[in-house]
C-alpha cells in the first residue's frame, strides 16, 4: 500500500496547487530566517515542501502556528503541517493533529480536506488481506463520513471509490475466515460469517461465493431447506456467475434430487413475482 501511496494523492496535490501554493506565489525567501514574517515563513515552508524536505517544511509551518496564532495563515499552516507529516510517513502524529484541527474547526473548506487527509492516513496503512481489519474499518468510517457530509465535493466522489474498495476488502476477509471454519469442520461458525457478509456488504463482489458457501454449510449440518434457499437466491441474482453453476452440483448426492429441484424453482418463481 505504501508503494502505491502516490497513486492516491492526485486530489491532495491538486488541492495544494490551487489553494495553498497560489496564495504565496509572490513571496520571496528572505536571507535572514530569524526575522521572518508569517507570510515569509509560509513561503519558506512551501519551498521546502516542493523540494521534498518534509521535516524542514513541517518546522516552518509549526512555527507559524506557534508564533502567529492569530494570523490568517495559522489554520492553513496547521493543515500543511499535517500534510508534511503524512508525506513523511509520520501518520500517527498526522492523525492526532488532524483530529485536533477538526475538533477546533468543525466547518470550512480546510475542514473538508482535514477529514479527507485523516481518512487517507488510515488508508495508507492498510496492508494485505488477513491482517487486523481495524485500520480498514477506521478508513472506511472516515470515508463514509466524508461521503455523508460532503457528497458533491471532489472528496466525496473519491471517497465513494475508496468505500467500494474497502468494503470489498472487509467482505473478502470475512469470507476467508468463514471458509477457514468450514474447512476445520465448524460449519455453524462459518454460517455466522457468511450471513454477516450478506447483511453488511451486499454490494461487494464476494456475495455469489458467500451464498454458495452458505449453502455448503447448511447442507453439512442438515438444514437442507435453508441450503436450497441460499442456492435459489444465488441463481436468481447471479444466473451466469460461476458460483451459480457450481451450486448445481451441491445437491447431486441427495436422494430426493427432483424434489430439491422443484423446491428451488418454487423459490426462484417467488422471487420473480416479487422483484421482476
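The values are calculated or read from the model by the stated rules, or taken from the named source; none is laboratory data. This is a predicted model, so every value here is computed, not measured. Reconstructed Cβ throughout: ideal geometry from the backbone, glycine too, with neighbour counts over all protein chains shown.
With the structure loaded, tell me whether residue 204 is surrounded by 18 or more Cβ atoms within 10 Å (Cβ to Cβ), part of a loop (DSSP other than H, G, I, E, B) and either within 27 Å of the chain's Cα centre (by Cα) or at pLDDT below 95 (or both) or whether it fails that test.
On the way: surrounded by 18 or more Cβ atoms within 10 Å (Cβ to Cβ): yes; part of a loop (DSSP other than H, G, I, E, B): yes; either within 27 Å of the chain's Cα centre (by Cα) or at pLDDT below 95 (or both): yes.
Yes: the conditions hold for residue 204.
Those residues that are assigned to a helix (DSSP H, G or I) and closer than 17 Å to residue 152 by Cα, I need them from the range 104-116; list them, please. Outline the logic, then answer.
Pass one, the range 104-116, residues assigned to a helix (DSSP H, G or I): 104, 109-116.
Within the range 104-116, 109, 110, 111, 112, 113, 114, 115, 116 meet the criteria.
Kindly indicate whether residue 202 is closer than 22 Å to residue 144 by Cβ and free of Cβ contacts under 8 Å to residues at least 12 places away in the same chain.
Values: closer than 22 Å to residue 144 by Cβ: yes; free of Cβ contacts under 8 Å to residues at least 12 places away in the same chain: yes.
Spelling it out, residue 202 is indeed closer than 22 Å to residue 144 by Cβ and free of Cβ contacts under 8 Å to residues at least 12 places away in the same chain.
Of all the residues that make up the range 171-187, how many are free of Cβ contacts under 8 Å to residues at least 12 places away in the same chain, part of a helix (DSSP H, G or I) and more than 21 Å from residue 205 (Cα to Cα)? Steps first, please.
Quick first cut of the range 171-187, residues free of Cβ contacts under 8 Å to residues at least 12 places away in the same chain only: 180, 183-186.
Filter once more, so that each one left must be part of a helix (DSSP H, G or I): 180, 183.
Subsequent filtering for residues that are more than 21 Å from residue 205 (Cα to Cα) retains 183.
Summing the residues that are free of Cβ contacts under 8 Å to residues at least 12 places away in the same chain, part of a helix (DSSP H, G or I) and more than 21 Å from residue 205 (Cα to Cα) in the range 171-187 gives 1.
Restricting to the range 172-197, name every residue that is surrounded by fewer than 18 Cβ atoms within 10 Å (Cβ to Cβ) and under 20 Å from residue 235 (Cβ atoms).
195 - this is the single residue of the range 172-197 that is surrounded by fewer than 18 Cβ atoms within 10 Å (Cβ to Cβ) and under 20 Å from residue 235 (Cβ atoms).
Restrict the check to the range 254-261 and report whether at least one residue is surrounded by 19 or more Cβ atoms within 10 Å (Cβ to Cβ), at negative phi, over 22 Å from the mean Cα position of the chain (by Cα) and modelled with pLDDT under 90.
Just the residues of the range 254-261 that are surrounded by 19 or more Cβ atoms within 10 Å (Cβ to Cβ), to begin with: 260.
Filter once more, keeping what is at negative phi: 260.
Right, trim to over 22 Å from the mean Cα position of the chain (by Cα) and you get 260.
From what is left, the residues that are modelled with pLDDT under 90 are 260.
Yes: the range 254-261 contains one or more residues that are surrounded by 19 or more Cβ atoms within 10 Å (Cβ to Cβ), at negative phi, over 22 Å from the mean Cα position of the chain (by Cα) and modelled with pLDDT under 90.
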